[in-house]
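Following: one structure in structure tokens, then a few remarks.
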Amino acid sequence: MLYPEIVIAGCGNPLFADDGFGPAVIEEMEKLSLPDNVMIVDAGLGGPHFIFTLLDPEVTKKLVIVDIADYGAEPGSITKLRVEDLPPGAYRDAHSWDLSEPLQRIKDRVDITIVGVQPARVTAPEFEEGLSEKLQEAIPKTIRVILEIIGVDYGTTIINLQEERRQHGTAETCSSDESR
Amino acid sequence: MSKVVEISPTTRHEGHSKLVLKVNDQGIIETGNWCSITPVRGVEKLAVGKTPEQVPKIASRVCGICPIAHNLAATEAMEASIKCEIPKDALMLRHILQLANRLHSIALHDILILPDLYLPGTEVKINPFTAEEPVRTVAKRIQRLREIGQTIGQIAGGDCIHPRNTRIGGMYRNVSEQAKTKMYDLAKEGLPLAKAQMDLMIAILRNYQARESVDVGGMKVALPKTLGYHNQGYLATHAFYGCSSLEECPSWDINRFKEVRPWDWYMGEMEVSLEEPRYPIGGTTKLGTKVNPQMEACTGIPMYDGQPVEVGPRARLVTYKNFDEKGTVGQNIAREMEYTDCFYEMFDCLEALNTNGKVVADYIPDGDGSLGWATNEAPRGCDAHIARVKDWKVQYFSMLVPTTWNFATCSAALQGAPWQLAEVIMRGYDPCVSCATHMIVLDEENKVVAQKLIQ
């Protein structure tokens, strides 16, 4: 089988600045030593074609999608979404599959989590390379969130992550974060 | 009197495009304009000043479904400019990667066109996702063919979507003997499946061709025998792979190519005067909407010897195998006929591949600013990349992608067909209109659909 039990797919286009967050996370995760039943894939724009419609629910039990998600938060903030939370067309329209959603077809048989990160700038349709600073900083945290989802423990807890976030920001941003 | 109807966006292909059709009282297309509405700008600008290693990676991100063709064409355009010849075994790996990608693409295209076609002997259009037999068996076979294509591509290319084994001067690493055997086994499993799938699809397409009329959204539409015919020429540069300016007798000539702006070619501003709410999916564009293909089209019109040409499977078969069937059905049949060719060619490449051979050129020049180009016969046609590299920096880069060639040709092919079948003609070209961004956004009521996970 092409895809194993756990698949982590980084979606997005690095030519549109922060849209390249998913592939950037995958590139960073390649440095980790992961269990044999985990596959990490730089899906680029090909997620619906090359992964979501090719998963065999008999084999693949868990799918984690890393992407940007505009949900009105501070850039770099991380959220976990389920397929039900996605607006219609999130993983379909650019590919016009059959106007049904490939994730909807498999969501009852595969455990799907979308790790969404608020982008700062997406330059589409103009090309621009490179993530903004806030998103670059969000990569390690995102990886820890993914590792937690797939049950790989490198000894870092969420509480420590929160501590680390405070160190990054200024006094103002910390207080605004806490007041929210 | 002519009426104007617009189908936007078109569906079951890659990217965003639309059809603006001027039709007569019988609904027959007098002038058809198929144009891309996916803006892709600046790859040429972005590439300037980058290293030749970076540009193929950028090129492969332009599109969601042909990253392999773009990666290979861009890499080879760089190699053509710096005049670097790669070892034979590296070329074999690239051939295998490209054939695996084509195999996947044909299988995917089957799924995309099946809903237009009928189950032979019935009046039922095919839903490739139904759990009922016999379609389920067919769908499983298509999925297996896609899996085989992707797995072989993953082994040869290092990654199944964005290949990372390719590099300027060859490949990063050769495959092991075991990996070669694995690819061979997969190809052996795939060949009979591809043969069966090809036979079935050709039978289904012939059945469609023989029909008097077809159903589109509850409308009974007469099926012309000349569906999708055009009188434009064909362009193919290789039966399987491609060519480059390094070759002694290249099969593509950059001097015969010219690009014109879309406003010379497309219709000007018009108003939609025919609306059909029954047309799938969600009806055509509303009455009174202003359309302006001249200004909305996002691509240029490439010409070869002063005319738009068709590229793709039929162009390859016409050029190299004396295939002569015209029209949309002929085009789809040509694509199906490439199924088994993928495997036969793959066997040859695997036999020729020496897993102990070197895969990187001994000397990789920095480039002297010469113009080099390479074409890659992507699943949907000739993908030509042009580059100029000097002192290991890219000075000029340009991509001439397959569907750009086909826009004007397909527009000509629309003429004389009932407007309801315009999308069927368009899908025959297996269009790949480049992708836009992939962001998840708020829903329409601006409701926050998510909670922040980490503050």
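The values are calculated or read from the model by the stated rules, or taken from the named source; none is laboratory data. On a predicted model such as this, the values are computed, not experimentally measured, just so you know. Quick reminder, even Gly has a Cβ in these numbers, built from the backbone with ideal geometry, and neighbours come from all protein chains shown.
Annotations for the structure displayed:
- Qualifying residue in region B:99-122 (condition: of a type in the set (Lys, Arg) and in contact with a Leu (Cβ under 7 Å, 6 or more places away or on another chain)): no
- Among the residues of region B:10-29, the ones that are assigned to a loop (DSSP other than H, G, I, E, B), away from chain A (no Cβ under 13 Å) and not charged (D, E, K, R) come to 3 in all.
- Residue check for B:Tyr172: in contact with an Asp or Glu (Cβ under 9 Å, 6 or more places away or on another chain) and of a type in the set (Phe, Trp, Tyr): no
- Members of region B:359-392 found to be surrounded by 15 or more Cβ atoms within 10 Å (Cβ to Cβ), charged (D, E, K, R) and over 24 Å from the mean Cα position of the chain (by Cα), listed by number: B:Arg388, B:Lys390
- B:Thr151 loosely packed, with under 13 Cβ neighbours inside 10 Å, within 29 Å of B:Ile96 (Cα to Cα) and either at pLDDT below 95 or among the polar types (S, T, N, Q) (or both): no
- Restricting region A:137-146 to residues that are more than 7 Å from every other protein chain (Cβ to nearest Cβ) and in contact (Cβ under 8 Å) with a residue 40 or more places away in the chain leaves a set whose member that is farthest from B:Lys57 (Cα to Cα) is A:Ile146.
- Taking the numbered list (1) farther than 30 Å from B:Leu97 by Cβ; (2) loosely packed, with under 14 Cβ neighbours inside 10 Å; (3) in contact (Cβ under 8 Å) with a residue 12 or more places away in the chain in turn, B:Val272 passes all entries but (2).
- Residue in region B:72-94 that is under 24 Å from the mean Cα position of the chain (by Cα) and either within 11 Å of another protein chain (Cβ to nearest Cβ) or closer than 29 Å to B:Leu200 by Cβ (or both) present: no
- In region A:1-46, residue farthest from the other protein chains (Cβ to nearest Cβ) [restricted to those that are aromatic (Phe, Trp, Tyr) and not in a loop (DSSP other than H, G, I, E, B)]: A:Phe21
- Scoring A:His49 on the criteria (1) surrounded by fewer than 24 Cβ atoms within 10 Å (Cβ to Cβ); (2) assigned to a loop (DSSP other than H, G, I, E, B); (3) not hydrophobic (A, V, I, L, M, F, W, C) leaves a single failure, condition (2).
- Condition met for B:Thr328 (surrounded by 24 or more Cβ atoms within 10 Å (Cβ to Cβ), in a strand (DSSP E or B) and of a type in the set (S, T, N, Q)): no
- Qualifying residues in region B:127-148 (those that are of a type in the set (A, V, I, L, M, F, W, C) and buried (at least 19 other Cβ atoms within 10 Å of the Cβ)) - the one nearest to A:Gln104 (Cα to Cα): B:Ala139
- Under the condition of being out of contact with any Phe, Trp or Tyr (no Cβ under 6 Å at 6 or more places or on another chain), surrounded by 13 or more Cβ atoms within 10 Å (Cβ to Cβ) and not hydrophobic (A, V, I, L, M, F, W, C), the residues counted in region B:212-228 number 4.
- Options B:Arg316, B:Arg335: the member that is closer than 30 Å to B:Lys22 by Cα, at pLDDT 95 or above and either not hydrophobic (A, V, I, L, M, F, W, C) or not in a helix (DSSP H, G or I) (or both): B:Arg335
- Qualifying positions in region B:117-138 - within 11 Å of chain A (Cβ to nearest Cβ) and either touching an Asp or Glu at 6+ places or on another chain (Cβ under 8 Å) or not in a loop (DSSP other than H, G, I, E, B) (or both): B:Pro128, B:Phe129
- Tally, over region A:52-74, of residues that are assigned to a loop (DSSP other than H, G, I, E, B) and either more than 17 Å from the chain's Cα centre (by Cα) or within 7 Å of chain B (Cβ to nearest Cβ) (or both): 13
- Only one entry in A:Ala120, A:Ala138, A:Ala73 is farther than 22 Å from A:Phe52 by Cα, surrounded by 13 or more Cβ atoms within 10 Å (Cβ to Cβ), out of contact with any helix residue (DSSP H, G or I) (no Cβ under 9 Å at 6 or more places or on another chain) and at pLDDT 85 or above, namely A:Ala73.
- Only residues that are away from chain A (no Cβ under 12 Å) and closer than 15 Å to B:Tyr172 by Cα were counted across region B:53-71, and they come to 2.
- Screening B:Thr285 against (1) surrounded by fewer than 14 Cβ atoms within 10 Å (Cβ to Cβ); (2) assigned to a loop (DSSP other than H, G, I, E, B) leaves a single unmet condition, (1).
- Subset of region B:307-363 (residues that are closer than 25 Å to B:Gln232 by Cβ, in contact with a strand residue (DSSP E or B) (Cβ under 7 Å, 6 or more places away or on another chain) and not basic (Lys, Arg)): B:Gln307, B:Pro308, B:Val309, B:Glu310, B:Val311, B:Gly312, B:Ala315, B:Val318, B:Thr319
- The single condition among (1) within 11 Å of chain A (Cβ to nearest Cβ); (2) assigned to a loop (DSSP other than H, G, I, E, B) that B:Lys45 does not satisfy is (2).
- Of all residues making up region A:19-44, the number that are closer than 25 Å to A:Glu126 by Cα and over 13 Å from the mean Cα position of the chain (by Cα): 0
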